[in-house]
Amino acid sequence: MIIFDNQNDLKLHLEINGVNKKIGFVPTMGALHEGHISLIIESTKKCELTICSIFINPTQFDSKEDLEKYPKTIEQDILLLKKNNCDILYSPNKSDLYKSGEKAKKYNFKSLESVLEGIYRPNHFNGVATIVDKLLNIVKADYAYFGLKDLQQTMIIKELVKLNKIKTRIIGLPTIREINGLAKSSRNKLLSVENKENASHIYKQLLIIKENFKQNSIDALLKNAKEKLINNNITIDYIEIIETNTFKISRNINSKKEYAICIAAYVNGVRLIDNLIL
Ligand code: PAF
């Protein structure tokens, strides 16, 4: 695996070695886990060149504290990438991607950003879109892979690509879970064994909602899930059913549309998100 810490060398390398090759790209913030690796594996199956980026993007964090406590495991990440046949790692410093004092661009993702994460993390998606736009322009991949654990992020990135006429195809891949159902996340590294046991109730409640979705009222399902989660020391930011394509919060079901249940919650101060397509 070749490692680049600046975009000019990476671009030069791709101009020579990337021609006529299908390029797959997996942008990450490091602290890699099986979820990321499933994206790398899919890319290596489909593409001739797989590029991963590791960059903890400051403009998408709401607080300095959250940014500082984000896990960093670069040596382990490099080993995992090599083991899984990643061809190139782009792992730059902030100055390679942002001018001094540069802030996130302002985008308009309409209904996709005016709910859920968009409300609880204002400016988060502007930060995500700013960095993904920069990265996609550097790598110019045929395919870019994202985990559907971040369903709203994946929808926003699909919209970004449409708005900016970027040629890369955005592929969302299923959430990978621990044995107890907890969605794999870099933030899980901040949880104790006991915290993880509590956190497993998030998925359990999502499954109960999925199983009872057609028979019960949405309000009753959400109320029941909230009670169970609170009883397991989980603090909820939101738990909502949304229409998958528009991300509009739904209370009435139209059998022709697809819905998802989305949650963001804290376990011992660690913010976790998850969702299930219903
Ligand atoms: O999902 C992530 O890890 C990040 O939001 C991303 C897409 C790498 C942008 O910084």
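In the range 183-199, the qualifying residues are those that are at pLDDT 95 or above and basic (Lys, Arg), and the one that is surrounded by the fewest Cβ atoms within 10 Å (Cβ to Cβ) is Lys196.
List the number of the failed condition for Ser53; all other conditions in (1) at pLDDT 95 or above; (2) more than 16 Å from the ligand (Cβ to nearest atom) hold. It fails just one condition, (2). When we screen Asp66, Asp77, Asp96 for residues that are surrounded by fewer than 20 Cβ atoms within 10 Å (Cβ to Cβ), out of contact with any helix residue (DSSP H, G or I) (no Cβ under 7 Å at 6 or more places or on another chain) and part of a helix (DSSP H, G or I), the only hit is Asp66.
Looking at Leu276, is it hydrophobic (A, V, I, L, M, F, W, C), touching a strand residue (DSSP E or B) at 6+ places or on another chain (Cβ under 8 Å) and in a helix (DSSP H, G or I)? No: the conditions fail for Leu276.
Cβ separations smaller than 7 Å between residues 6+ apart or across chains give the following pairs from the range 17-39 residues that are within 16 Å of the ligand (Cβ to nearest atom) to residues that are assigned to a loop (DSSP other than H, G, I, E, B) and basic (Lys, Arg): Gly30/Lys72; Ala31/Lys72; His33/Lys184; Glu34/Lys184; Gly35/Lys184.
Taken together, Lys184, Lys134, Lys162, Lys210 contain a single residue that is closer than 26 Å to Cys52 by Cβ, in contact (Cβ under 8 Å) with a residue 12 or more places away in the chain and either away from the ligand (no atom under 16 Å from the Cβ) or out of contact with any Lys or Arg (no Cβ under 7 Å at 6 or more places or on another chain) (or both), which is Lys134. Considered as a group, the residues in the range 129-149 that are of a type in the set (D, E, K, R) and surrounded by fewer than 21 Cβ atoms within 10 Å (Cβ to Cβ) include one that is nearest to Tyr98 (Cα to Cα), and that residue is Lys134.
The values are calculated or read from the model by the stated rules, or taken from the named source; none is laboratory data. Note that the coordinates shown come from a computational prediction; the quantities given were computed from them, not determined experimentally. Ideal geometry is used to build each Cβ from the backbone, glycine not excepted, and the neighbour counts take in all protein chains shown.
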